[in-house]
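Presented below is the structure to which this report refers.
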Amino acid sequence: MGRNGIDGSIALVTGAGQGIGRAVAAALADEGATVAAVDIDPHRIEASGADRTGAEATICAYPADVTDPRQVDSLLERIERDLGAVDLAVNVAGILRTGPVTECTDADWAAMLAVNATGVFTVSRAAARLMRPRRRGQIITVASNAAGVPRANMAAYAASKAAAVAFTKSLGLELAPHGIRCNVVSPGSTDTPMLHGMNGATGTPDVVAGDPASYKVGIPLGRIADPGDIAAAVCFLASDAARHITMHDLYVDGGAALR
């Protein structure tokens with residue numbers, strides 16, 4: 001690998017068909033990684049322009065359902081056969097369904113836990129099994145600041161993201177003796193299809209100002225994040241500049257969590 005720790009590496013990115021996942025895949029490729037772009041929807045990966053070859057790196061589409069352990073194990077085998085040993089696994093795939101807990105259906109609860117928590121588990125476990133004997137590698141989970149701050153009408157989502165955070169940190173403790181780092185990036189409101197679909201939110205000034213009636217603090221920096229802001233944080237944690245950082249939860253929310 002190159003001097004930045006990313007150039008020449010093999011990276012797996014889930015949820016790469018759109019939003020933050022797409023930005024992360026592109027940013028890692030720009031840094032010289034060969035990226036396996038994973039998404040449940042093969043057409044979404046193709047529409048994102050993810051399956052392309054550039055001068056410095058390649059991004060290849062790998063359709064898979066991260067909630068299915070068999071598919072994930074097969075996915076890692078295919079990626080390592082096609083591209084080489086995976087150096088970096090980035091968990092970005094996620095879904096959001098909002099509403100009061102009293103109106104949250106069993107299906108909504110199960111779906112969010114399946115993608116946002118179990119998906120992190122299946123991909124991280126499969127990657128860790130390959131990385132540990134090699135005594136190198138990194139796992140980064142993109143969670144949410146909702147995991148650390150109560151949010152009205154987002155309880156199930158927050159719980160699923162909190163589970164992903166706790167899991168990733170605990171995994172980092174187990175893998176540290178093997179030289180493998182595990183970190184979390186927790187975005188706040190970001191200009192993605194997920195934000196646009198949340199109760200009609202479209203990145204308006206209301207999101208920046210906050211909502212005192214629902215105990216939601218605004219964004220002190222006065223702007224909604226761009227997916228590239230989150231991707232830059234992932235690249236930092238994946239780089240040699242962060243070689244002594246593990247089990248860390250990096251909030252990228254413009255100060256919205258007041259931490």
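How about the stretch 146-173: which of its residues are touching a residue at least 24 places away in the same chain (Cβ under 8 Å) and either closer than 21 Å to Ala126 by Cα or out of contact with any helix residue (DSSP H, G or I) (no Cβ under 9 Å at 6 or more places or on another chain) (or both)?
Residues satisfying the conditions are Ser160, Lys161, Ala163, Ala164, Val165, Phe167, Thr168, Lys169, Leu171, Gly172, Leu173.
Only one of Ala85, Ala128, Ala29 is touching a strand residue (DSSP E or B) at 6+ places or on another chain (Cβ under 9 Å) and surrounded by 22 or more Cβ atoms within 10 Å (Cβ to Cβ). Can you tell me which?
Ala29
What single numbered condition from (1) at pLDDT below 95; (2) under 23 Å from Pro187 (Cα atoms); (3) not aliphatic (A, V, I, L, M) fails to hold for Glu46?
Result: Glu46 fails condition (2) only.
Criterion first (touching a strand residue (DSSP E or B) at 6+ places or on another chain (Cβ under 6 Å) and either closer than 19 Å to Val24 by Cβ or at pLDDT below 80 (or both)) does Pro63 satisfy it?
no
Would you be able to tell me the number of residues in the stretch 131-149 that are surrounded by fewer than 18 Cβ atoms within 10 Å (Cβ to Cβ) and in a helix (DSSP H, G or I)?
Total satisfying the criteria: 3.
Quick check on my filter: what residues within the stretch 176-205 are more than 19 Å from the chain's Cα centre (by Cα) and modelled with pLDDT of 95 or more?
Hits for the stretch 176-205 are Ala176, Pro177, His178, Gly179.
Is there any pair with a first residue in the stretch 205-222 that is loosely packed, with under 13 Cβ neighbours inside 10 Å and a second that is aliphatic (A, V, I, L, M) whose Cβ atoms are under 6 Å apart and which are 6 or more apart or on different chains, and what are they?
Cβ pairs passing all conditions: Ser214/Ala152; Gly222/Val208.
Can you name the residue in the stretch 181-201 that is of a type in the set (A, V, I, L, M) and without any contact (Cβ under 8 Å) to a residue 60 or more places away in the chain and, of all such residues, is surrounded by the most Cβ atoms within 10 Å (Cβ to Cβ)?
Let us first name the residues in the stretch 181-201 that are of a type in the set (A, V, I, L, M), namely 184-185, 194-195, 198, 201.
If we keep only those that are without any contact (Cβ under 8 Å) to a residue 60 or more places away in the chain as well, we get 195, 201.
On the way: Leu195: 20, Ala201: 15.
Per the stated criteria, the residue is Leu195.
Can you name every residue in the stretch 150-176 that is farther than 22 Å from Val101 by Cα, surrounded by fewer than 17 Cβ atoms within 10 Å (Cβ to Cβ) and of a type outside the set (A, V, I, L, M)?
Ser170, Glu174
Starting from residues that are assigned to a helix (DSSP H, G or I) and β-branched (Val, Ile, Thr), keep the ones in the stretch 150-181 and report whichever is farthest from Asp211 (Cα to Cα). Let's see the steps before the verdict.
Of all residues in the stretch 150-181, those assigned to a helix (DSSP H, G or I) come to 155-178.
Now restrict to residues that are β-branched (Val, Ile, Thr): 165, 168.
Working: Val165: 26, Thr168: 31 Å.
If we take residues in the stretch 150-181 being assigned to a helix (DSSP H, G or I) and β-branched (Val, Ile, Thr), then Thr168 is farthest from Asp211 (Cα to Cα).
Within the stretch 83-92, is there a residue that is out of contact with any Ser or Thr (no Cβ under 9 Å at 6 or more places or on another chain) and of a type outside the set (A, V, I, L, M)?
No: zero hits.
Here is a check on your reading of the model: is Ser239 without any contact (Cβ under 8 Å) to a residue 40 or more places away in the chain and closer than 29 Å to Val72 by Cβ?
It is false that Ser239 is without any contact (Cβ under 8 Å) to a residue 40 or more places away in the chain and closer than 29 Å to Val72 by Cβ.
The values are calculated or read from the model by the stated rules, or taken from the named source; none is laboratory data. None of these values were measured; they are calculated from a predicted model. Using ideal geometry, Cβ is built from the backbone for each residue, glycine included, and neighbour counts are taken over all protein chains shown.
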